[in-house]
1. How much length is gained on full extension from Val12 to Ile41, taking 0.36 nm per residue of separation minus their Cα-Cα distance?
2. Could you rank Glu39, Glu34 by how accessible they are, 1.4 Å probe, largest area first?
Amino acid sequence: MLPKPMLTRDQVLLLKHDNVVTAGAATLSDLGIEAETVEAIIPAYLWRFRREGQFDAPPREPVSASR
C-alpha cells in the first residue's frame, strides 16, 4: 500500500530548502493581480460540461459558498 520508492531524489532536494514566504515578499496586489473568489471563476472553466456546451444558458442563480 505504500508508494515505491518511499522518497525520491527530487523530494529530498526539495526538502533541503525552506518553503515559507519571507516577510518582505511581494503580494498579489504588489504584482497588480486582483484576487477573485473560486465561485466567480468556476463557471468559466465548467461551461464545456453544460448539456449544450457554450450555447446552453448559464445557471440562473449564482452558486453561493454556503451550500
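1. Numbers: separation 29, 0.36 × 29 = 10.44 nm, distance 3.52 nm.
Between Val12 and Ile41, full extension yields an extra 6.9 nm.
2. From most accessible down to least: Glu34, Glu39.
The values are calculated or read from the model by the stated rules, or taken from the named source; none is laboratory data. From a predicted model like this one, the values you see are computed outputs, not experimental measurements. Just the protein is used for accessible areas: all its heavy atoms, side chains included, with ligands, DNA and RNA removed. Shrake-Rupley method; radii C 1.70, N 1.55, O 1.52, S 1.80 Å.
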